[in-house]
Each structure stands twice: as structure tokens, then as C-alpha cells.
Amino acid sequence: MCSVVAASIVPDEFASLVQDTESELKKFLDELQNSVDNFNIACQSVGLDIETDYSFDQSTLPTTLRKLAESLLNDSLILTAQDNLKLQALDRVVFQVAPARKGGQIKDCILIEEYLELAQQLYSGGFTYPLVFISSNTKDFCMDNKQLHPDLVKDFTPVNLHYCKVWNHAAHLLAL
């Protein structure tokens, strides 16, 4: 069995970002379709017989993906906010321990502290299966957008918490 767990701040963050993200995807798909159309026109104008009949259904894909994300969030276990973990997150910001960086960013620190607390409780209770933290946010969680930041490696390793940038890597680690 596999469960998706979301930090306490995720539902509010999702609600505040979902509309803009959906709009950005629609804009991207429109631009992509324009590029394909322009490519086809350019090929035809120089006599190249390249048939690229790609079209992107901008009207349904963003909505379908939003509904999928909403469904995933609705089916997730949502952690309860804890003041002591918020204080630990604030310490990360003050001492610039990843994912904090100069200038703040407490939200990422709160979710890391909540996930570390859950991982520690599971690990202490004898849970031996791998735990996976999934985020494409390599800017805040990785060094040079590649490897997990050493501060987080130090925190994740003792509780068997793994970092993945994409779902298929997490599925592989979990043998799903």
C-alpha cells in the first residue's frame, strides 16, 4: 500500500497557485501550437513535404491536469500544523539551513520539518519501507539544481527519506 502525504500548508498553497498555473499551461500550449503552425508554414513555403499535424487541445488538457491534481490532493493525508515544527522551520531560515536561503522562504522549511517529523515517527515505530519526498523544486532543495542539498541529505538519511524530482522515479524506489 502506498499513501500520499501532504504538509499542512499544501492545500492553501495549491488553492493560491492552481489558477495561475492552469493559465500558464494554457498560454504555453497556445505558444507551442503557434510554433508548430509556423513550422508547418515555413516548411511548406520552401517546398518541404513534412506533414506535422500536431495539435494541442488547449481547452481540455489544463483542466484535466488540474482535476487530476485536485483528486490527488483530496486523496492525500494532510499533516496537521504543529507550532514546534514551525519554530524548527524558523531556525532553518535564521541559520540558512536548506531549504532556506538568504532572504527567507519559511514555507519550504515548514513542509520539510513536517515530513522529517513524520519520517522520524515512522522510523522510530519500526517502519522499514522507503519514504519518498517528491518535488520538482530543485532550486530550493538541490545544489546546482541537481543533487539533494547536503543539509537535506544529512536530515533525510537517518530516517530513510529519499528525494525524487519526478513521480516515475518515486514509483521505481517504492517498487510500484
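The values are calculated or read from the model by the stated rules, or taken from the named source; none is laboratory data. Quick caveat: nothing in here was measured; it's all calculated off a predicted structure. In this analysis, Cβ positions are derived from the backbone assuming ideal geometry, glycine residues included, and neighbour counts consider all displayed protein chains.
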| query | Given the conditions (1) surrounded by 11 or more Cβ atoms within 10 Å (Cβ to Cβ); (2) assigned by TED's automatic domain parsing to the domain that holds residue 167; (3) not β-branched (Val, Ile, Thr), which single one is not true for residue 136? | reply | (1)
| message | Can you confirm whether residue 154 is part of a helix (DSSP H, G or I) and either assigned by TED's automatic domain parsing to the domain that holds residue 68 or within 13 Å of the chain's Cα centre (by Cα) (or both)? | response | no
| field | Residues of the stretch 1-49 satisfying the condition of being of a type outside the set (Gly, Ala, Ser) and over 26 Å from residue 68 (Cβ atoms) | value | 37, 38, 39, 40, 41, 43, 44, 46, 48, 49
| said: Out of 60, 64, 80, I need the residue that is more than 21 Å from residue 134 (Cβ to Cβ), β-branched (Val, Ile, Thr) and over 17 Å from the mean Cα position of the chain (by Cα). Which one? | reply: 60
| Quick check: anything in the stretch 1-16 exposed (fewer than 10 other Cβ atoms within 10 Å of the Cβ) and at pLDDT below 95? | yes
| task | Return a yes/no flag: does the stretch 29-38 have any residue that is in the same structural domain as residue 161 (by TED's automatic domain parsing) and in a helix (DSSP H, G or I). | result | no
| request: Go through the residues of the stretch 104-122 one by one and say whether even a single one is exposed (fewer than 14 other Cβ atoms within 10 Å of the Cβ) and under 19 Å from residue 2 (Cα atoms). | output: yes
| task | Test residue 42 against the criterion of being among the small types (Gly, Ala, Ser) and over 19 Å from the mean Cα position of the chain (by Cα), and give yes or no. | result | yes
| In the stretch 1-36, what residues are touching a Ser or Thr at 6+ places or on another chain (Cβ under 9 Å) and more than 30 Å from residue 119 (Cα to Cα)? | 22, 26, 33, 36
| remark: The condition of being touching a strand residue (DSSP E or B) at 6+ places or on another chain (Cβ under 8 Å), closer than 26 Å to residue 167 by Cβ and of a type in the set (Gly, Ala, Ser) holds, among 71, 76, only for 76
| said: For the stretch 17-48, which positions are surrounded by 14 or more Cβ atoms within 10 Å (Cβ to Cβ) and of a type in the set (D, E, K, R)? | reply: 22, 26
